[in-house]
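Data block below; observations after.
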Amino acid sequence: MTAAECQWLVLSVRVPAQPSRHRVAIWRELRRAGALSIGQGCWALPDVQTMNAAVDRVRDMAERGDGEAVAVVGAGRTEQDRARLVALFTADRTAEWVEFLADCRKFDAEIDKEIRTRKFTLAELEEEEQSLERLRRWHRDIRTRDVFGAPNSAEADQQLKHCAERLEEYTEQVFAALHQI
């Protein structure tokens, strides 16, 4: 999707200051969806199918908190405005991919450590499988939000594949060690 093609959902969310749990829950939901904060209580999301459920959840949360959320569809007024929204949204996804890539490197280092120390146990294997599953879920979540294709998304795809290969290598070593007993 290009900046020129993109329509945006702009949400204005108002909830009472107290109790704060409603504002915090809404903030978390909007951040989870990848929304851009464009002002106090004002958020922007690309108007794509994957974002609609988040908008509906925010509306429900605001109403439960004795507030309201109003959504409008629009586009940047100028090409510069449109490009700026896309750039801000993509910068957030790029930052998410950077963090994801760092966790992939940690996973790789953990596998290296387990192999180096010859810790070939089923318990450790299960822990590493859970870590890889967490990376897969995280990758899927970022990929869903990354509607404009952040520049480091391809590297993230490769690193996730590499992590899966490393776990497969470690799995083989665990089963080889267990069968030698």
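Hey, among A44, A33, A62, which residue is farther than 18 Å from R93 by Cβ and of a type outside the set (K, R)?
Only one candidate passes the filter, namely A62.
Which is part of a loop (DSSP other than H, G, I, E, B), of a type outside the set (A, V, I, L, M) and over 27 Å from L36 (Cα atoms), of R118, R105?
R118
Select from region 42-67 the residues that are buried (at least 18 other Cβ atoms within 10 Å of the Cβ), outside any helix (DSSP H, G or I), more than 16 Å from the chain's Cα centre (by Cα) and hydrophobic (A, V, I, L, M, F, W, C) and list them in ascending order.
Result: W43, A44.
Rundown of residues vs (1) buried (at least 17 other Cβ atoms within 10 Å of the Cβ); (2) assigned to a helix (DSSP H, G or I), yes/no style:
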| residue | (1), (2) |
| --- | --- |
| S37 | no, no |
| G76 | yes, no |
| R82 | yes, yes |
| T90 | yes, yes |
| R93 | yes, yes |
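Can you tell me which of (1) of a type outside the set (G, A, S); (2) surrounded by 20 or more Cβ atoms within 10 Å (Cβ to Cβ); (3) at pLDDT below 95 is the one F100 doesn't meet?
Condition not satisfied by F100: (3).
Within the set of pairs 6 or more residues apart or between chains, which connect a residue that is farther than 21 Å from R82 by Cβ inside region 37-57 to a residue that is surrounded by 14 or more Cβ atoms within 10 Å (Cβ to Cβ) and among the hydroxyl-bearing types (S, T, Y) with Cβ atoms less than 9 Å apart?
Every condition considered, the pairs that remain are G41/S12.
Give the residues of region 145-171 that are closer than 24 Å to Q49 by Cβ and either among the hydroxyl-bearing types (S, T, Y) or not assigned by TED's automatic domain parsing to the domain that holds D112 (or both), sorted by residue number.
The answer is S153, and nothing else.
Within region 150-181, track down each residue that is at pLDDT 95 or above and in a loop (DSSP other than H, G, I, E, B).
Of everything in region 150-181, those that are at pLDDT 95 or above and in a loop (DSSP other than H, G, I, E, B) turn out to be A150, P151, N152.
The values are calculated or read from the model by the stated rules, or taken from the named source; none is laboratory data. The model shown is predicted, which means the values in this text are computed figures rather than measured ones. Every residue, glycine as well, gets a Cβ built from its backbone with ideal geometry; the counts of neighbours run over all protein chains shown.
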